[in-house]
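Encoded as structure tokens, the structure appears first; notes follow it.
What follows is calculated from the coordinates using simple rules that are stated; it is not laboratory data. The structure displayed is predicted, hence computed values, not measured ones. Cβ placement follows ideal geometry from the backbone for every residue including glycine, while neighbour counts extend to all protein chains displayed.
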Amino acid sequence: MKFKTSVSVVVRILLWVFMLLGGAIYGIIKDAENPLWGSFTFHLFSFFVGYIILIFAFRSAANGGRELKKGRVGDIPRLETNHLVTTGIYSCMRHPMLFGLTLLPLGAALLIGSPTFIFIIAPLEMIFIIFMVIIFEEWEVRKKFKEEYKKYASKVPMVSFKKECLKKLFGKVLRKGKTE
């Protein structure tokens, strides 16, 4: 099976993996003497909360990705678009998938139950992701879609916390491409 994608996408995926694995390993090492690390109650609670957060993170990726597929016309690399998508969740916010996936480090940290990962590393990784979106993602789409994106960006915020937008973003993923 041939998997065709851009270098930019591969670098981002590898960066995500490095951050999550690195944060987990470093957190576990630092937490060896932490009393919370040995607490069954803490782990049970953090696991449950982490699981819920990860469900929301992956729903955002699925819902955003399903809508983003509309921007793929012709034979282009996987996870890339060549048409600006402004419908569905993209009518509410410009970076819905990345907004939802910003929750990934926190969800993973809670699932693992590492206090260092939860309270120090995951928040730093989340801030880093936000800056990556602001700097690189915005730059790439502005370069690719030029004036069309400039008009879109003037009307639609990077993220939105409006109830209807969050419902579209985190709604249950259905097989027919609709959300509940």
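Using a Gaussian network model on the chain with a 10 Å cutoff between Cα atoms, which of P35, P115, P96 fluctuates the most? Comparing P35, P115, P96 in a Gaussian network model of the chain, the most mobile one is P35. Residues considered: A62, A32, A153. Largest GNM mean-square fluctuation over the chain, using C-alpha springs under 10 Å, is found at A32. Simple spin-label estimate for F131 and I13 gives 2.6 nm between the two label positions (7 Å along the Cα-to-Cβ direction from each Cα).
Across the stretch 128-142, computed HN-Hα scalar couplings (Karplus, 6.51 cos²θ - 1.76 cosθ + 1.60, θ = phi - 60°) run 4, 4, 4, 5, 4, 5, 4, 7, 7, 4, 4, 4, 5, 6, 5 Hz from first to last residue, x flagging Gly and Pro.
K70: which aspartates and glutamates have alpha carbons under 16 Å from its alpha carbon, excluding same-chain residues fewer than 8 sequence positions away? The reachable aspartates and glutamates, counting only those whose Cα sits under 16 Å from K70, are E80. Label sites at I25 and S154, each approximated as a point 7 angstrom past Cα along Cα to Cβ, lie 4.8 nm apart. Here the 3J(HN,Hα) profile of the stretch 55-66, calculated from phi with Karplus coefficients 6.51, -1.76 and 1.60 at θ = phi - 60°, is 4, 5, 4, 6, 5, 4, 5, 5, 5, x, x, 4 Hz, Gly and Pro shown as x. Legend: P(r) of the stretch 1-56 from all alpha carbon pair distances, 5 Å bins from 0, whole percents, reading 4, 15, 13, 20, 18, 12, 8, 6, 5, 1. With the convex hull of its Cα atoms as the shape, the chain has an orientation-averaged projected area of 11.8 nm². How high is the relative contact order of the stretch 8-170, in percent, with contacts defined as C-alpha pairs under 8 Å that are six or more residues apart? The value is 32 percent.
Evaluated with a Cβ-only charge set (Lys, Arg +1; Asp, Glu -1), the chain carries a dipole of roughly 1060 debye about its Cα centre, given to the nearest 20. Applying 1/(1 + (r/R0)^6) with r as the Cβ-Cβ distance of Y51 and K146 and R0 = 45 angstrom yields a FRET efficiency of 0.60.
With the helix formula -39500 (n - 2.57) applied to DSSP H stretches of n ≥ 4, the chain reaches a computed 222 nm mean residue ellipticity of -19000 deg cm²/dmol. Couplings for the stretch 157-162, taken from phi via the Karplus curve 6.51 cos²θ - 1.76 cosθ + 1.60 with θ = phi - 60°, read x, 4, 9, 9, 9, 5 Hz in order; Gly and Pro are left as x. Between amide H atoms placed 1.01 Å from N, distances below 5 Å from M158 occur with R94, all of them 5 or more places distant or on a separate chain. Comparing I55, I89, I25, which has the greatest mean-square fluctuation in the GNM of the chain with Cα pairs linked when under 10 Å apart? Of I55, I89, I25, the Gaussian network model singles out I25 as fluctuating most.
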